[in-house]
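Right, one structure below, let's go through it.
The values are calculated or read from the model by the stated rules, or taken from the named source; none is laboratory data. What you see is a predicted model, and the numbers here were worked out from it, not measured in a lab. Note that we place each Cβ from the backbone using ideal geometry, even for glycine, and neighbour counts take in every protein chain shown.
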């Protein structure tokens with residue numbers, strides 16, 4: 001992987017429209033398979049809302065944003081039972097530009113999210129993805145995420161598998 005990259009906190013001066021396009025592009029192959037991930041079609045207002053719900057980070061290479069991840073703390077009001085636990089942080093809006101995928105950038109973003117979650121007291125890091133997204137599920141399994149439940153979000157057209165990873169101190 002090109003070592004010339006930077007992961008930093010998302011800044012309100014960053015282009016929300018550019019991040020929305022990045023998300024659409026990154027999720028387009030899943031949308032082409034029939035999965036209606038929110039990130040595949042959300043508008044700038046939704047992108048901004050999701051960026052602001054917790055802590056969001058961007059990955060830059062040569063001063064260009066090529067990836068993003070959002071980290072949220074425990075959410076007692078979540079429709080996902082696992083996300084309600086006080087020791088669980090979750091990630092979402094996780095994407096790497098398609099031409100930069102397969103180069104380790106996603107792993108770096110995820111490791112950054114894990115480190116921050118651990119720093120802020122999380123015991124588990126969780127996420128959810130379409131139960132039919134076999135490649136994504138296999139990738140997360142290789143990264144030691146385990147199935148802890150399922151959830152059906154009203155914004156999607158599939159059932160999600162909820163995956164979680166125990167964070168070691």
Residue within the range 93-107 that is in contact with a helix residue (DSSP H, G or I) (Cβ under 7 Å, 6 or more places away or on another chain), in contact (Cβ under 8 Å) with a residue 24 or more places away in the chain, surrounded by 18 or more Cβ atoms within 10 Å (Cβ to Cβ) and on the phi > 0 side of the Ramachandran plot present: yes
In the range 139-163, the residues that are more than 16 Å from the chain's Cα centre (by Cα), surrounded by 15 or more Cβ atoms within 10 Å (Cβ to Cβ) and within 25 Å of residue 101 (Cβ to Cβ): 158
Complete set of residues in the range 20-32 that are free of Cβ contacts under 8 Å to residues at least 40 places away in the same chain and surrounded by fewer than 15 Cβ atoms within 10 Å (Cβ to Cβ): 21, 31, 32
Failed criterion for residue 75 (all others in (1) within 21 Å of residue 126 (Cβ to Cβ); (2) assigned to a helix (DSSP H, G or I); (3) free of Cβ contacts under 8 Å to residues at least 40 places away in the same chain hold): (2)
Condition check for residue 59: in contact (Cβ under 8 Å) with a residue 12 or more places away in the chain, in contact with a helix residue (DSSP H, G or I) (Cβ under 8 Å, 6 or more places away or on another chain), under 17 Å from residue 113 (Cβ atoms) and part of a helix (DSSP H, G or I): no
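Go through 117, 126 for me and flag whichever is crowded, with 20+ Cβ neighbours inside 10 Å, modelled with pLDDT of 95 or more and either over 17 Å from residue 68 (Cβ atoms) or in contact with a helix residue (DSSP H, G or I) (Cβ under 9 Å, 6 or more places away or on another chain) (or both).
126
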Answer residue from the range 25-50, given it is closer than 22 Å to residue 71 by Cα and not in a helix (DSSP H, G or I) and is farthest from the chain's Cα centre (by Cα) among those: 43
Sole residue being at pLDDT below 95, touching a strand residue (DSSP E or B) at 6+ places or on another chain (Cβ under 7 Å) and more than 17 Å from residue 50 (Cα to Cα), chosen from 108, 159: 159
